[in-house]
Every structure is written in structure tokens, then in C-alpha cells.
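See below for the structure under consideration.
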Amino acid sequence: MDDDRHITALEATIRYHDRSKHRFDRYAPSPGYMDWENQPNPFRFYEGVEPEPLSFLTDDPGGGHEGLYLRSRHRTSPVDRSAVAGFLELCLGLSAWKMAGASRWSLRINPSSGNLHPTEAHLILPPDGDRPAGRYHYSPFLHALEPLARVPGRLWQKVEAHLGSTSFLLGLSSIFWRESWKYGERAFRYCQHDAGHALAAAAFSAALLGWKVTPLSAMSDRQIEQLLGFDQINWHPEEKEHADLLCAVHPADAAVPSPDLPDEVLSEFSSLPLSGRPNRLSRKQVRWPAIAEIAGSTRKPEGGAYTAPLSAAAFIDDPGALLSAAQTIRRRRSALDFNPEFILPRRQFLAMLDKTRPRPNTPPFDAAFGPPEVHLLIFAHRIEGLDSGMYLLVRNPAQIDLLRGAFHPHFSWDLVEPNFPLFALEPGDFRQIAMRVSCHQHIAGDGAFSLAMIARFEDVLRTAPWHYRRLFWESGMIGQVLYLEAEARGARGTGIGCYFDDAVHELAGIEKGRFQSMYHFTVGLPVNDPRLQTRPPYAHLDNDR
Ligand SMILES: Cc1cc2nc3c(=O)[nH]c(=O)nc-3n(C[C@H](O)[C@H](O)[C@H](O)COP(=O)(O)O)c2cc1C
């Protein structure tokens, strides 16, 4: 990108971030009501192709909770269609149907702001038996692959030779309209969070099969769209899928693939005959120019490969979890309400936070697009043996001085435990404050703790404006870890996208633009709503599992 375009894109990104902030006196521009008539279909189907049903797991991959993080605990599955089916079932498939009165809605393994699910998945799979290599869209509703292009054997061999092992490609994309229908201008942020959640979900599911998810971090958005055939699809302009990221999913013990694909391969992909037409999601859409602009200014250019030189730190003592890795993945839900009396044991709290620290060769953060930038500003409400107050978990030790310099000078910065980067900043009862800054949502004050994810901001964007999206991806990945950590320990989490940005910055004493809050999260003991009924995820396909 030349200098002038870089500056324009940088300014546009900062402008979008500012205008999509919620403030005490005005929320970010949104429709302000739900246009139920035009609610987007949460499921994309490619019409005119015959979906290929995928098998369901008869037995989940075994392994305790620690198996989420330790690939070595799992046998490496061959990369065939039935293993890919299991992979998709455990990262992007449906997790349940919920019913209340006459309403019925599905939930998925991966969470989504407002349950609107803007994230779509496309795969490029190797041949298997008499099935040729192909480009597919994953339909979570049908748990099926929709074949969009046949990939000639010769072309697949070039891909495989470049990747260095029998593996497959997973592309994630976002349909902004699904989120902007409800949330207006702030929707672009939520789409990026959701992509981060989906990426972490994929990394965990892959780990259970002995596979690793490696982002092809040098690829540009344009190249991904070329590979996935998006440049040939006749989209409705407001329902288009925008490329988020492309990953190789490969046996964990295979060499790490190169972070790009050769131009020759990409151009062969763009000349493949295409099948299928994307379904229409709404009869009528609303155009949000601010979203079109931020999508344009944060397009990822080619290059900038990242190879995750993360610092190693042993896991701290973990008192243990109640659920196996696969049970946790399947049972993950958002809490709608918390028991405000619940006290979380300190060791469980620390073990949970510990899992959000990036480590080499450890899912999900070794599927990163850049160095760790996101830290956790924690409002500890009720942790056994820990004073209530404000704390900071520093996820990238290289930034500690920067953080100290940016936060209020009166913070105490006392280490809570030796060799663990959690600092007590200020004691006090933050329940009301946490609730207030999270758009007055009770879950932020009634949980055992809630937190804001704080990232270096303008300096990161200055290196390349597309990193704006990466900051949300990293935050979404942390959210996914916290969801699973909470669930496994008998508690529950909820992502919080609605918060008053600058109110959080004021609390921490952060000057404009140096650091920003990218996402909130809360963890506590859920109170279930007895009016809600639950059905199995694929009951609509006569699968009662
Ligand atoms: C990025 C993101 C933001 C969210 N923001 C909120 C929020 O502000 N308040 C809330 O109650 N739930 C929030 N949620 C939870 C979603 O509503 C929830 O994931 C969705 O309804 C699906 O339910 P499930 O997580 O149980 O599958 C958020 C989830 C995500 C992923």
C-alpha cells in the first residue's frame, strides 16, 4: 500500500472505531428496532448443488480437559472425509435447538453476537476414495458439504506439494448484513469477534484429532477470495461473503506449511467452473456505508507472514475440570443470568486465566496472525482468597512497561502470585462499575469476575490498518478459551460486545488511542431459565445424539 493510501486507510479505521463506540449519552448508530420481516436467514445454502451429507461422530475423541491444549494427547487421524466431518461437527456444527413457547432457534458450537452467525466456512479438500478433490461450503444446518467446484487431481497435487502434507484448507468469511441487521455500524466489530471465536473453535476441534490449524498468514483477502471462487460469484451486494482468513489444517506432526499459495495455483483456482448460487438471506437489506468503508480500509494485503515466536511458560497447577475436552466443546453455552452469591475458587480462577496465555505449539493461540496484543483488565468480584478489585493479566510480558506507563499512575501493580503475570491494580467493589460500563448488563456484575480485553491500538494500526481485524480475532479467541474454561469447571461464560468504550479507558486511565478495549467477557454460575426447552442439535435430521 502506498503512503497516501495507508494514511487514508489508517484515518478511516480510527474514525470507524470512534463512531462505532457506545457512549453513555448515545449508542453507536443502529436501526434501533428489529425488522423481523427482513431478519436474515442464519443459514447460507448454495442452491442448485446436491449437498453431500457428512457422518456424525459415533464416539467423541477421548481425552480430559487438558487435551484441548495438548495435541500430543491425541492420536493423529488420517485426513479423510469422515475425520473432516468430525472436525466440523466439533467446531462449527449445531450444538442444540432451544424452544420457548412458539419460538425455536438453533445454537452452535461456536458462539455469535446476538446468535446471528455471520461466519461461513469453505473448505478445499483432498480426494478421498472415489470422491475427487473439491471446493465446498459447509452447511451447519445439514451437516453437509455443498460442492462448489471440482478440483482436478493435478491441481490438488500442486496444493498438497506446497503444503507439504496431506491436509486441507479452511477459509472463514463474514456476511456483515447478518449482524448489521440488528447492530448497525458496530456490527463489523462483532463479525471479527465471531471469526476469532470460530478460529479458536477450529483449533480446539483440530487438536482433538491430532491436527493443527495454521493460518496462511501471508495471503491477502483478494487471494483468499480468488481461491474460494468469491470473485466469480454473483453476490447480492449486501449479502456478500467477505474473506476473513485461510488456514491449513494438517497433522500436528507434519511440517508447518508455507504461509501462502503460489500465484499459479491461485489463478488455476479462479478458472475452475463454478456450481451453486448463494441463497438470499433477506428480502430487503439496509446498507451501512460506515461498514462498507471500514471493510475497505482494513482489507489485508499480501505478505506479513507471522510464525508465532511465543514465549514458553509451563501451565500452572490446575485443580482439574469436571468435563472431558469434547463434552466441554459440545456443552458450551452463554449464561443469560448468574447467581450473584457464587464464589469461584482462586485456583480455578488462576487456572482459567492461565489458559488464555499464548504458548508455542499450544492451541488456540499458535494459530495467530501476529504477536499477542490483548491483555485482560479484570474486575474480580467474588474469588475465594482474592480481594475484590481491579487486576491486569499481562498476556505479552514484552508490553509490561508500556502498560504501566499507559495506565493510572496510582495503580499498585502488586503481583498476585510469583511467576504469574497477574497484577493487582486497585482494590474495591467493582460490581456496579463493571455492570455500568458493560451497557448496564447485570451479567457483568453478577458473575464471579468480568473483564475488558485491552490492546495496544493506534501503534498496531499504524503498522497496517488490517491489524484492526486481528485485534478482534485475538479477543474472540480469548473469549472462546474463557467459554470452554468456565464450562469445564461447572461455571459459564458470556461474551459481551456491548460496552461503553471510553468509560473503560477512563477507569484504567488510558489516554486516547494508545490502548483500547476490544471485547468484554464475564464468568459466573449460571441460573438456567426453566421456560427454555432443549432438543438435540440434529433432531431435525432425525439424529437424536
Ligand atoms: C462477540 C460476541 C458478543 C456478545 N455480546 C453479548 C452481550 O453484549 N450480551 C449478552 O448477553 N450476550 C452476548 N453474547 C452472547 C451471544 O448472545 C450468544 O453467544 C448467542 O446468543 C448464542 O448463544 P450460545 O453462546 O449459548 O451458543 C455475545 C457473544 C459474542 C460471540
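The values are calculated or read from the model by the stated rules, or taken from the named source; none is laboratory data. Just so it is clear, the structure is predicted and the values come from calculations on it, not from any experiment. Cβ sites come from the backbone with ideal geometry, for glycine too, and all protein chains shown count toward neighbours. Just so you know, the surface numbers come from the protein's heavy atoms only, side chains and all, with ligands and any DNA or RNA stripped out. Shrake-Rupley method; radii C 1.70, N 1.55, O 1.52, S 1.80 Å.
I'd like to compare 205-213, 495-503: which one has the highest average count of other Cβ atoms within 10 Å, and what's the full order after that?
So the peptides 205-213, 495-503, ranked by packing, come out 205-213, 495-503.
Legend: calculated FRET efficiency, residue 331 to residue 388, from the Cβ-Cβ distance at R0 = 30 Å, rounded to 0.05, equals 0.55.
Go ahead and run the numbers for FRET between residue 157 and residue 311, Cβ-Cβ distance against an R0 of 41 Å, rounding to 0.05. Don't jump to the answer; show the numbers that get you there.
On the way: r = 38 Å, r/R0 = 0.93.
Efficiency computed from Cβ-Cβ geometry: 0.60.
For the stretch 95-119 versus the stretch 492-545, the spacing of their alpha-carbon centroids is 14 Å.
Leaving out ligands, DNA and RNA, what percent of the accessible area of the stretch 1-70 is carbon and sulfur, probe 1.4 Å? The partial results should precede the final answer.
On the way: 2130 of 4130 Å².
The nonpolar share, carbon plus sulfur, comes to 52 percent.
Extension gain, residue 70 to residue 15: 0.36 nm times the residue separation minus the Cα-Cα distance gives 15.7 nm.
Note on the stretch 480-538: the C-alpha convex hull projects to 6.4 nm² when averaged across all orientations.
Leaving out ligands and nucleic acids, and using a 1.4 Å probe, what accessible area per residue does the chain come to in Å²? Intermediate results must be reported in sequence, preceding the final value.
Values: 20640 Å² over 545 residues.
That works out to 38 Å² per residue.
The mean sequence distance of close C-alpha pairs (under 8 Å, at least 6 residues apart), as a share of the length of the stretch 45-297, puts its relative contact order at 26 percent.
On the protein heavy atoms, probe 1.4 angstrom, tell me the percent of accessible surface of the stretch 334-524 carried by carbon and sulfur. Please report the intermediate quantities before stating the final value.
Values: 2930 of 5910 Å².
The value for the stretch 334-524 is 50 percent carbon and sulfur by accessible area.
The lysines within cross-link reach of residue 158, meaning a Cα-to-Cα straight distance under 21 Å and a gap of 8 or more places when in the same chain, are 212.
Once C-alpha pairs closer than 8 Å and six or more residues apart are averaged by separation and normalised to the residue number of the chain, the relative contact order reads 19 percent.
Summed over qualifying helices (DSSP H, 4 residues or more, each -39500 (n - 2.57)) and divided by its residue number, the chain shows a 222 nm mean residue ellipticity of -8500 deg cm²/dmol.
When Lys and Arg each count +1 and Asp and Glu each count -1, what net charge do the other residues less than 11 Å away from residue 376, Cβ to Cβ, add up to? Show your work: numbers first, answer last.
On the way: positive: 357, 395; negative: none.
Within the 11 Å Cβ shell, the charges total +2.
Look at where the Cα atoms of the stretch 383-460 and of the stretch 52-86 average out, and the two centres are 36 Å apart.
Cα centroid separation, the stretch 143-214 to the stretch 296-311: 16 Å. Ranked by the mean number of other Cβ atoms within 10 Å of their residues, highest first, the peptides 301-307, 214-220, 386-392 fall in the order 214-220, 386-392, 301-307.
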